[in-house]
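The block underneath contains the structure these notes are about, expressed in structure tokens.
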Amino acid sequence: MENFLTQTLVYLGAAVVSVPIAKRLGLGSVLGYLIAGVVIGPFALGLVGEQADVMKFAEFGVVILLFLIGLEVQPSMLWDMRKAIFGLGGAQVLGTALAIAAASLALGLPWQTALAVGLVLAMSSTAIVLQTLDEKGLRQGPVGRAAFGVLLLQDLAVIPMFALLPLLATGAAGHATDGGGHGGGSLVAHLPIWAQTLSVFAAVGGVIGGGRYLVQPLFRFIAKARLREIFVAAALLIVVAVASVMQIVGLSPALGAFLAGVVLAESEFRRELESDIEPFRGLLLGLFFITVGAGVNLPLVASRPLQLLGIVVGLMVLKFIVMYGIARLFGAPKRGAMAVATALAQGGEFAFVLLSFTVGAGVIGVQLAALLTAAVAVSMALTPVAMILYERVAALMDAAIPDVVPDTGDFDEGEPDIIIAGFGRFGQITGRLLQANGFKSTVLDSDIEQIELLQRFGRRVHYGDATRLDLLRAAGAERARMLIVAVDDREKTVELVETARKAFPNLVILARAWDRRHAYDLLANGADAVERETFESALALGATALQKLGFRAHRAHRAAAFFRRHDRRVFEELRPMWGQEEAYILASRDAAKTMDRLLDADLHRMRPGDAGGAWDTASLDEELRERAEQEGAG
Amino acid sequence: MTDASTGFVAPATSGVLLVLAHPALERSRANRALAKAAKGLSGVTFKDLYEIYPDFAVDIEAEQAALLAHDVIALQFPLYWYSTPALMKEWLDLVWLHGFAYGEGGEALKGKKLFVACSTGASAKAYHMHGYNRFSMDEFLRPLEQTAHLCGMEWETPFVVHGASVKDDAALKAEAERYKARVASLLPASRVSNKAET
């Protein structure tokens, strides 16, 4: 117990110190974790002992990563992106693996090891690439799409690799695999083959069926209880349960988690799940990177700096060339191909997993693995530098060719134009109008009964409390054009507007206000425009009342329009006084008097009989009468 | 510009009040090009009626104040059924009232210029005694010409773009330049410099 606490202290302390520093230096969090690991590792300070124990735990971070990737993958999107995933991605993995294998072979490695090295290094870093592309605003365009497709296939390719790599063992033939690498421990290994196969199918079927028919009702049940932490617990429970089931039947837990994610991708809880699990992913992946860093054999690497440099440069150049060629073959323009190739030129986090796995399976030697681990880490660190280099070159290319067509592409990747928070009486009407006019919206609501009702009408609504920033982010607030706040709570509306304004300065924020006071509060907190929720409908009812009282329809309509205009004007005039109670009340009394006067003037102008039904004033009638009399006399 | 709520004050007049009425400006090529060319001129106050009054509830006081504040009233619109679009007619009906624009005591617009800029879908040939529309553009614009006369305004030669929807981009650009020059020529030179000082 004491040992556990000390270890936790060391790991957390290292992360807390090094990650912010690395971020400040522009190196990214992954590198921060790696460096922290190196520092506390047995080859530097030697603060941690049983790195392998922590590794097992940390690898759960990869499982969660794949679950989250699965959540992003709706089956319909898989089909839409089939070319990018299976074409581009498949070609990248095969091409890069073969090229690196060939290079390794030329350097004198046995073919089995060379092939293993190729496969391991073909992986790129999902975490780093997606983050880099997001920072550059390239995630949504064709470049981001292509990169995401390749990364997705790589993540999928890890699964067969766990099966294939042990076959390349050069040492003891038939080195036992432990089914997936993450922990191992298949309970069905002793069963006959047909029973094993059956159990695999049963497990996969169970994950799909359970995801569809058990998990959704479970979440609905929990959501009704409105207990945030139980929702988080349930989300974790699902990931752990799926991973365990997969392990029992001897499949990769990561594959299971991915599958579970895909099954839940269509559910209304997707966004909430994402936001709830995200912190665990970050922490566990961080832990994972630390353990990788701790595993770096520092004296070995330090004794061969040139070799390391050679591997890093060779790796990045080779990956760049292969990816560039493939992207061009698939019809990407030069610039797009360059961007994708640069982004994907590093080694990935799965390389770490696979390397430790191959060492265990006797495919790659300990020394080579240590060197490669260091090389992958360095290449990851160089990714931001490479991207800056790419931008410089691209700028030069732009200067050389004046008429470069910018990456526009269709941005239709499920990203919303509008986020609607709160889909009750108010949000629905606004949402329907926007949708009917071709705008895509993501809807968040925290009333599960309302969501169920809407789903019966075939509407897609996500469960979640929109005042949470992470949830807004998951809903795509960074890229959406507008946020419409129609949450059924006065305080929450103000809170949401305030948070969103701070976090997403470019977002247009429209909010539903209770009354004039609430409207002023919202505007003061950063809403771009507000609408008092009852104002328009009350005016409409007022107009109907006028009509029922004998006004002609157009007259009633005009009276309402007139009132609206004056009220809006007063609203704007009093706005500067908001917050100064005395001045506001005084000015508001004044305004009410002016309003009465103006309304009275209009009433007078519109008095029936005065203008004989024409728009013109009574003076015309008088003049015409006079003229007629003169003519009669003359 | 004048504050609408202050009603009838008579500020120093200056420049051109360019009033545009097009219910679907986003689909119009000609009127958008023309408006864009002219509204940037200094001394031009631009009003897009369908943008300001989507509900047709024209603010009479504000509009009358704007009319008072300018020397030249320019009306720009596509010809709809040989007349202005509905909102421009509504605007005229509501704002150009007896006692303000004409009749006894109605001298607010006296001496100002009325300039009409109008686009048509059909070609110039159609607006002819022997053409498809049987009358000339001058004849179709008679109601507006008489409006100017009744209000004691000077009637400027209208600016007409025929075949607006079939003209290519280059031709439209040339029309827009021509329009800009024409509007600029209407700006009273001294008034413009006056405005620049304030």
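The values are calculated or read from the model by the stated rules, or taken from the named source; none is laboratory data. Owing to the predicted nature of the structure, the values given are computational and were not obtained by experimental measurement. Counting neighbours? That spans all protein chains shown, and the Cβs are built from the backbone with ideal geometry, glycine included. Calculation scope for accessible area: heavy atoms of the full protein, side chains included, ligands and nucleic acids excluded. Shrake-Rupley method; radii C 1.70, N 1.55, O 1.52, S 1.80 Å.
For the segment B:100-107, counting C-beta atoms of other chains within 10 Å of every residue's C-beta and taking the mean gives 3. The mean count of C-beta atoms from other chains within 10 Å of the C-beta of residues in B:56-68, rounded to a whole number, is 2.
Pairwise Cα distances in the range A:105-168 exceed 13 Å for 67 percent of all pairs.
Cross-linked pairs B:39/B:89; A:83/A:440; B:113/B:180; A:440/B:47; A:23/A:492: Cα-Cα separations exceed 28 Å for A:440/B:47; A:23/A:492.
Computed over all pairs of different Cα atoms, the Kirkwood value for the hydrodynamic radius of the range B:31-100 is 13.2 Å. With everything on Cα atoms, drop me the angle between helix A:334-343 and the longest principal axis of chain A, reported from 0 to 90° to the nearest 10. Orientation of helix A:334-343: about 60 degrees from the principal axis.
Here the range A:411-524 is treated as an ellipsoid with the same Cα gyration tensor; its semi-axes, largest first and in whole Å, are 20, 17, 13. Take chain B and mark each of the GluC sites (Glu not before Pro) that is in a DSSP loop with at most 15 other Cβ atoms within 10 Å; the longest unmarked stretch, sites excluded, is B:1-103. Within the range A:297-406, all pairs of alpha-carbon atoms sorted by distance into 10 Å bins from zero give the percentages 14, 36, 29, 15, 6, 1.
Using a probe of 1.4 Å, the accessible surface attributed to residue A:338 totals some 30 Å² when neighbouring protein chains are kept in position. In the protein assembly as shown, the portion of solvent-accessible area held by carbon and sulfur atoms comes to 62 percent [1.4 Å probe, whole percent, DNA, RNA and ligands not counted]. By the equivalent-ellipsoid construction on the alpha carbon gyration tensor, the range B:71-114 comes out with semi-axes of 22, 13, 7 Å, ordered largest to smallest. Based on every Cα atom in the range A:10-130, Rg and the maximum pairwise Cα distance Dmax equal 18.5, 50 Å. Its Kirkwood hydrodynamic radius, worked out from the mean inverse distance over all distinct Cα pairs, puts chain B at 17.3 Å. Cα centroid separation, the range A:85-102 to the range A:428-448: 42 Å.
Dipole of the protein assembly as shown computed with +1 at Lys/Arg Cβ and -1 at Asp/Glu Cβ about the Cα centre; of A:166, A:154, A:444, farthest Cα towards the positive end is A:166. Placing +1 on the Cβ of every Lys and Arg and -1 on the Cβ of every Asp and Glu, with no other charges, gives the protein assembly as shown a dipole of roughly 1680 debye about its Cα centre.
Once A and B are treated as a pair rather than alone, how much accessible area drops out, both sides summed, in Å² to 100, probe 1.4 Å? For A against B, buried area totals roughly 1400 Å². Compactness of the range A:211-304 is given as radius of gyration and Dmax, 17.4, 60 Å, from Cα positions. In plain terms, the bigger the Kirkwood radius, the slower the diffusion; for the protein assembly as shown, with that radius from Cα pairs, at 10 °C and 1.306 mPa s, Stokes-Einstein puts D at 48 µm²/s. Of the chymotrypsin sites (Phe, Trp or Tyr not before Pro) found in the range B:11-83, those in coil by DSSP whose Cβ has at most 10 other Cβ atoms within 10 Å are B:81. Taking the DSSP bridge list for the range B:23-158 and keeping only pairs wholly inside it, about 10 percent are antiparallel. Ranking A:426, A:259, A:628 by Cα position along the charge dipole of chain A, where only Lys, Arg, Asp and Glu carry charges on their C-beta atoms, puts A:259 farthest toward the positive end.
Here the relative contact order of chain A, from alpha carbon pairs under 8 Å that lie six or more residues apart, stands at 15 percent. For chain B, the Cβ-based charge dipole about the Cα centre amounts to some 780 debye (Lys, Arg positive; Asp, Glu negative; other atoms uncharged). The mean sequence separation of alpha-carbon pairs under 8 Å and at least six residues apart, normalised by the residue count of the range B:80-135, gives a relative contact order of 12 percent.
For the range A:185-316, what is the relative contact order in percent, using Cα pairs closer than 8 Å and at least 6 residues apart in sequence?
This gives 28 percent for the range A:185-316.
Its residues counted as N, the range A:61-160 yields a C-alpha radius of gyration over 2.2 N^0.38 Å of 1.17.
Pick out, from A:504, A:192, A:8, the residue whose Cα sits farthest towards the positive end of the charge dipole of chain A, with +1 on the Cβ of Lys and Arg and -1 on the Cβ of Asp and Glu. Working it through, the farthest residue towards the positive pole turns out to be A:192. Summing Cβ point charges (Lys, Arg +1; Asp, Glu -1) relative to the Cα centre of the range A:266-335 gives a dipole of roughly 680 debye. Probing with 1.4 Å while keeping every protein chain in the model, the per residue accessible area of the protein assembly as shown equals 48 Å².
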